[in-house]
Amino acid sequence: MKTKIFKQAEIDQAVELLKNGELVAFPTETVYGLGALATNEQAVKNVYLAKGRPSDNPLIVTVNGLEMVKEYALEIPEDAQKLVKKFWPGPLTMLLKVKPGTLPNAVTGGLKTVAFRNPDDQLTNELITKLGKPIVGPSANTSTKPSPTTCEHVYHDLQGKIAGIIDGGETKVGLESTIIDLTVDPYVVLRPGRITSHELSACLGKDVLLNRGKPADGEIPKAPGMKYRHYAPSCPVWIVDKPADFEKLPLSAEVGVAACSDILSKLDLADSQIYDLGKNLESADQHLFASLRYFDQNSEIKKIFVQGFDQGEASYAYMNRLNKAASGQHFKK
Ligand code: TXA
Ligand code: MG
């Protein structure tokens, strides 16, 4: 299969493909998603195949607003409406109870809940509106690889396996959405993202817990995707916790270093490869996955060192993804 790249003006072709049960990747403000008509069971199954994703890992249902959620959720709690008003369209995914029989089991992984998200991307919202139905939207990467933040990343992983990609340029946020579970009391953030539990809690006027622990063996994890190895390039990654530690790195042509501009400018990096994460945490969020992919494609690189951040909850999303890429490994001199 030839994977076609669609520009903005060609969006109707993407709509037709999706209607026919084909897979089309789409841009969002966080990372690119892999779209299929959420009500078409075979198309949804093909999403798992294209990604090489374990079938017990449910998919996000991507909508163009709250009206569409009403068709697939058993109920819309008042708090969901408050969150939608403040954060949608945006990088927030809400877990609600599913209305039985409205979505194939392949979407929910057989769970009684379903995750809804309305991305802040004009093209993608237009796509869903033209389709009149939601699309599933897991990140459009091969399972375990870093999520894609450009059309080229998607093409690299899925060319020949999907019908098309809508090119919306580089994504702005760069890390996947915050997931809040509204089916439990108190509410829990299952995956940290740009929107913090403090912001959610302030909006709702009640506690929102942060689920940072690993599930015990045998226990069903709440966001099944969080248990797998993830975001990982093929060579080992180390987290560098303190800016001063960059001076102690074993630099060589086999080493890749990803850090903010201020750190890189002070280093004598000899012949090692560098990736500039920009000026602050926000730009590091945006470029973390791209940096891991950049080094992964350079066969000379055997070790990757990436800057860590310790900025309270603002850096949880970044550190959560980096910890997975590094399997929790920190550079120690
Ligand atoms: O920013 C994002 O959320 C991106 C863009 C494309 O929208 N999508 C994304 O999807 O990150 P994915 O499939 O890579 O991650 C979704 C996560 C997985 O960890 C999955 O286990 C969890 O959401 N999830 C989905 N449905 C769930 C459910 N019913 N209950 C618990 N967790 C669920
Ligand atoms: Mg993913």
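Quick rundown of the values:
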{"item": "Cβ pairs under 8 Å, 6+ apart, first in the stretch 120-141 and of a type outside the set (Gly, Ala, Ser) and in a helix (DSSP H, G or I), second more than 16 Å from ligand 2 (Cβ to nearest atom) and open to solvent by 50 Å² or more (accessible area, probe 1.4 Å)", "result": "123/8; 125/64; 125/89; 128/64; 129/64; 130/12; 131/19"}
{"item": "Count - residues of the stretch 138-163 that are under 18 Å from residue 287 (Cα atoms), polar (S, T, N, Q) and open to solvent by 40 Å² or more (accessible area, probe 1.4 Å)", "result": "1"}
{"item": "Hits in the stretch 298-318 - residues which are open to solvent by 20 Å² or more (accessible area, probe 1.4 Å), of a type in the set (Ser, Thr, Tyr) and touching a residue at least 24 places away in the same chain (Cβ under 8 Å)", "result": "316"}
{"item": "Filter pass, residue 38 being among the small types (Gly, Ala, Ser), touching a Pro at 6+ places or on another chain (Cβ under 6 Å) and over 23 Å from residue 149 (Cβ atoms)", "result": "yes"}
{"item": "Test: residue in the stretch 167-181 that is more than 13 Å from ligand 1 (Cβ to nearest atom) and touching a Cys at 6+ places or on another chain (Cβ under 6 Å)", "result": "yes"}
{"item": "Failed item in (1) closer than 12 Å to residue 237 by Cα; (2) open to solvent by 30 Å² or more (accessible area, probe 1.4 Å); (3) under 24 Å from the mean Cα position of the chain (by Cα), with residue 295 passing the rest", "result": "(2)"}
{"item": "Residue identified as closer than 23 Å to residue 169 by Cα, within 16 Å of ligand 1 (Cβ to nearest atom), touching a Phe, Trp or Tyr at 6+ places or on another chain (Cβ under 8 Å) and at pLDDT 95 or above among 50, 25", "result": "25"}
{"item": "Residues of the stretch 232-285 that turn out to be part of a helix (DSSP H, G or I) and small (Gly, Ala, Ser), as a count", "result": "5"}
{"item": "Residue 184 vs. criteria in contact with a helix residue (DSSP H, G or I) (Cβ under 8 Å, 6 or more places away or on another chain), assigned to a loop (DSSP other than H, G, I, E, B) and within 12 Å of ligand 1 (Cβ to nearest atom)", "result": "no"}
{"item": "Residue list for the stretch 6-18, filter: in contact with a helix residue (DSSP H, G or I) (Cβ under 7 Å, 6 or more places away or on another chain) and either among the hydroxyl-bearing types (Ser, Thr, Tyr) or surrounded by 15 or more Cβ atoms within 10 Å (Cβ to Cβ) (or both)", "result": "6, 11, 14, 15, 18"}
{"item": "Residue within the stretch 206-213 that is within 16 Å of ligand 2 (Cβ to nearest atom) and either within 20 Å of the chain's Cα centre (by Cα) or surrounded by fewer than 17 Cβ atoms within 10 Å (Cβ to Cβ) (or both) present", "result": "no"}
{"item": "Residues of the stretch 19-36 satisfying the condition of being more than 19 Å from the chain's Cα centre (by Cα) and either in contact (Cβ under 8 Å) with a residue 40 or more places away in the chain or loosely packed, with under 15 Cβ neighbours inside 10 Å (or both)", "result": "19, 20, 22"}
{"item": "Test: residue in the stretch 52-59 that is within 15 Å of ligand 2 (Cβ to nearest atom) and in a helix (DSSP H, G or I)", "result": "no"}
{"item": "Residue list for the stretch 109-137, filter: open to solvent by 10 Å² or more (accessible area, probe 1.4 Å) and closer than 30 Å to residue 327 by Cα", "result": "109, 110, 111, 113, 115, 117, 137"}
{"item": "Test set (1) within 11 Å of ligand 1 (Cβ to nearest atom); (2) within 18 Å of residue 59 (Cα to Cα); (3) of a type outside the set (S, T, N, Q) - residue 120 fails condition number", "result": "(2)"}
{"item": "Condition met for residue 168 (more than 16 Å from ligand 2 (Cβ to nearest atom), small (Gly, Ala, Ser), part of a loop (DSSP other than H, G, I, E, B) and modelled with pLDDT of 95 or more)", "result": "yes"}
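The values are calculated or read from the model by the stated rules, or taken from the named source; none is laboratory data. Fair warning: this is a prediction, and the values are worked out from it, not measured in the lab. Positions of Cβ are generated from backbone atoms using ideal geometry, with glycine treated the same way; all protein chains shown enter the neighbour counts. Accessible surface is based on the protein model in full, side chains and every heavy atom, while ligands, DNA and RNA are left aside. Shrake-Rupley method; radii C 1.70, N 1.55, O 1.52, S 1.80 Å.
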